[in-house]
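The values are calculated or read from the model by the stated rules, or taken from the named source; none is laboratory data. On a predicted model such as this, the values are computed, not experimentally measured, just so you know. Heads up, the Cβs are rebuilt from the backbone with ideal geometry, glycines too, and the neighbour counts pull from every protein chain shown.
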Amino acid sequence: MKSPLLENLDSSASRLLVTAKMAPVQGTRFQPTGFPDLGPATYKLNDDKNTEMLLVESAQSMANRLENVCWDEPKSAWQAPLAGLPYVNVVDPDGTPVTNSVLEAHRLNSPYILEGTDKSFSTALKTELGTDKGGAVNLHKLAVTLLKYDPNSLIHGLFLAKSDIAGGRMRLPRALTAFIEASKVTQVASGGVKNDRVNPSGDTGKGFGNVPFHRDEFTGDIVAYFNLDLAQIRGYCFADEVTELLVALALYKIQRILSLPFRPRTACDLDVVEGGVSVDRPKGYVLPTLAEIEAALPGMIAAVAALGVFANPVVTTVKYVPSKDEKKGRGKNAEAEAAGEESDNEAN
């Protein structure tokens, strides 16, 4: 790797592991993520103290947050340093943006991309990836196609669940995984009342009346973890310029999410502790600053574009008009659900 961003990164390292200590911006309490029928995800370590642990933010949630920091919502475009990267843009018949492959929950497998009446992109995928349901899956072909249309998916991961594209077996795991957990946690139980100043004894089922509620918050030592699978990225067998760009894109996501206010919930407003970011593996590598990454990315994107591996035009536009089945509430893109795929698969 020749980029100044990566010149000190061991070329044989299989992982880049980064940790960031975090703390509430005020006080000591924070609200963790919660799950239906479960609530906060608490557990104990198998150590001498049975240390109380808590999942603050899940891997699937962090994956989406790492995409959001790359996107300029008001401009409906990449953040400036990422301009020139391919993606699939979905517009309505009037040309107004609807969504895109960067922000969609299942990226290129989005029903807004594949299941509308505009089949142009779906047909292109079938042509480039094949339709055979048998035989070995060519993941290098998938990687080349993703680089062409949506290189972000090479970092985020993708599961093309459509049975008419290589039998629904085209799948890449995340190359960049992140999560936040807390240790030595203590539960802080509190509550309150939703007051009805007009009719305190009204029908609560209809939104009237006073409604008491409980609330669970926590205190503890919070750490964010980032794991970049360098071996997976090298395994795509791309030119050095492409490999360097993918690593730089992942570094941009890490440094940008750590540089911005992080408030995933009303009562979970966190800051990185000063001096709290460290590289655990490989030893000796120093993370480039966000400013250094932002300065290097335009040139790296231009170098890869010069190889002719990006789509032309670089943004692929798909017009979204709901199909008849979707208008009836019976979309066709249900292979993942039918196969029992859970919400934390690689495409989320």
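Of note:
- Given (1) in contact with an Asp or Glu (Cβ under 8 Å, 6 or more places away or on another chain); (2) part of a strand (DSSP E or B), number of the condition residue 20 does not satisfy: (1)
- Residue 36 falls short of the stated requirement of being under 30 Å from residue 148 (Cβ atoms), of a type outside the set (Gly, Ala, Ser), at pLDDT below 95 and loosely packed, with under 12 Cβ neighbours inside 10 Å.
- Residues being of a type in the set (Lys, Arg) and at pLDDT below 95 - total across the stretch 203-243: 2
- Of the residues making up the stretch 106-123, those that are assigned to a helix (DSSP H, G or I) and either closer than 18 Å to residue 85 by Cβ or in contact with a Ser or Thr (Cβ under 8 Å, 6 or more places away or on another chain) (or both) are 107, 108, 112, 113, 114, 121.
- For the stretch 135-161, the candidate set comprises residues that are in contact with an Asp or Glu (Cβ under 6 Å, 6 or more places away or on another chain) and of a type outside the set (Phe, Trp, Tyr); within that set, the residue that is modelled with the lowest pLDDT is 161.
- Positions within the stretch 162-178 being modelled with pLDDT of 90 or more and more than 22 Å from residue 84 (Cα to Cα), in sequence order: 171, 172, 173, 174, 177, 178
- Test: residue in the stretch 167-177 that is farther than 30 Å from residue 56 by Cα and either crowded, with 21+ Cβ neighbours inside 10 Å or out of contact with any Asp or Glu (no Cβ under 8 Å at 6 or more places or on another chain) (or both): yes
- Among the residues of the stretch 138-161, those that are of a type in the set (D, E, K, R) and under 21 Å from the mean Cα position of the chain (by Cα) comprise 148, 150.
- Residue within the stretch 41-62 that is farther than 16 Å from residue 180 by Cα, small (Gly, Ala, Ser) and at pLDDT below 95 present: no
- Taking every residue in the stretch 243-270 that is buried (at least 20 other Cβ atoms within 10 Å of the Cβ) and pairing it with any residue that is of a type in the set (S, T, N, Q), at least 6 positions away or on another chain, the pairs with Cβ-Cβ distances below 6 Å are 244/3; 268/31.
- Taken over the stretch 289-348, the criterion of being of a type in the set (S, T, N, Q), at pLDDT 50 or above and more than 23 Å from residue 244 (Cβ to Cβ) is satisfied by 316, 317, 323.
- If the condition is being under 24 Å from the mean Cα position of the chain (by Cα) and β-branched (Val, Ile, Thr), then the stretch 26-56 contributes 33, 42, 56.
- Top-ranked residue in the stretch 273-296 [being within 20 Å of the chain's Cα centre (by Cα) and closer than 20 Å to residue 227 by Cα; ranked as surrounded by the most Cβ atoms within 10 Å (Cβ to Cβ)]: 293
- All conditions but one from (1) of a type outside the set (S, T, N, Q); (2) outside any loop (DSSP other than H, G, I, E, B); (3) surrounded by 17 or more Cβ atoms within 10 Å (Cβ to Cβ) apply to residue 43; the one that does not is (3).
- Residue 103 vs. criteria touching a residue at least 24 places away in the same chain (Cβ under 8 Å), part of a loop (DSSP other than H, G, I, E, B), over 11 Å from the mean Cα position of the chain (by Cα) and within 23 Å of residue 118 (Cβ to Cβ): no
- Of the residues 93, 74, 4, the single one that is touching a helix residue (DSSP H, G or I) at 6+ places or on another chain (Cβ under 8 Å), part of a loop (DSSP other than H, G, I, E, B) and surrounded by fewer than 15 Cβ atoms within 10 Å (Cβ to Cβ) is 4.
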